[in-house]
Amino acid sequence: AITEGEMARMVEDQELTEWGHVGHGRGVARIAIFLAQALELDSEAQEAIGRAALLHDIGKVTLESDLWGRLNTLLPDQRALMRAHAVAGAELAGRAGLPRESQEAIRHHHERWDGAGYPDGLAATDIPLAARILWVGENVDSMIRVSYRRESLPLTAIERTLREGSGAEWDPQLVDHMVRIIHAR
């Protein structure tokens, strides 16, 4: 069996290799909890979302590091392997005893509002709310975060990106809440 703490350390090691620093999971958790609070979700739901956000990329540890550490575009077979991290992550979360809601959020955190995401091609409200929250949080944190791949984006560019992807990439209601959170900070 694996513990949640062991998984958190594994995620930080993976982040260090992929991004050149740690903190992506914590950043996603912070944003996801802000969104959960804006939606007035209860404390139990907020906790499940926060736990899932911290570990959302745990499935990447089941892959070869040169796959997720690539700076180039992935080939189709490599992309299929990379997409498997969401399912593997949900399975690891289950083995560590995370709540079902956290497992589902990890599994579906790459689903898109328009159904073009993975692993199951869910769309709109068929995607668990926690997973929709993680998808916004992951993208916003990635846009904010400086890495060896790129500089952080200014808040105006993040807002523009969110608005352009609203209704396709992301849940429009969550985009509206995220924009309000950005303006409140």
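The values are calculated or read from the model by the stated rules, or taken from the named source; none is laboratory data. Just so it is clear, the structure is predicted and the values come from calculations on it, not from any experiment. Neighbour counts run over all protein chains shown; Cβ positions are idealised from the backbone, glycine included. What goes into the accessible areas is simple: the full protein's heavy atoms, side chains included, and nothing from ligands, DNA or RNA. Shrake-Rupley method; radii C 1.70, N 1.55, O 1.52, S 1.80 Å.
Entry for segment 29-140 at q = 0.17, 0.21, 0.24 Å⁻¹: log10 I(q)/I(0) = -0.77, -1.12, -1.34, Debye formula applied to identical alpha-carbon scatterers, no solvent contribution. Extension gain, H21 to R160, is 47.4 nm, computed as 0.36 nm per intervening residue step minus the present C-alpha separation. Are there any chymotrypsin sites (Phe, Trp or Tyr not before Pro) in segment 71-151 that are in a DSSP loop and have at most 14 other Cβ atoms within 10 Å? List them by number. When the chymotrypsin sites (Phe, Trp or Tyr not before Pro) of segment 71-151 are filtered for loop state and at most 14 Cβ neighbours within 10 Å, Y148 remain.
Projecting the Cα atoms of H108, A84, G137 onto the charge dipole of the chain, computed from C-beta unit charges around the Cα centre, puts G137 farthest toward the positive end. Sorting the segments 2-13, 48-59, 31-42 by their mean number of nearby beta carbons within 10 angstrom, highest to lowest, gives 48-59, 31-42, 2-13. For segment 69-168, applying the loop criterion from DSSP together with a ceiling of 11 other beta carbons within 10 Å to the GluC sites (Glu not before Pro) yields E151. Remark: spin-label model distance E6-Q173 equals 3.8 nm, labels positioned 7 Å along the Cα→Cβ axis. Surface composition of the chain: carbon and sulfur atoms hold 51% of the protein heavy-atom accessible area at a 1.4 Å probe.
Normalised by the number of residues in segment 95-169, the mean separation of alpha-carbon contacts (under 8 Å, six or more apart) gives a relative contact order of 26 percent. Spin-label pair R150-T125: with each label point 7 Å from Cα along the Cα-Cβ axis, the two points sit 3.3 nm from one another.
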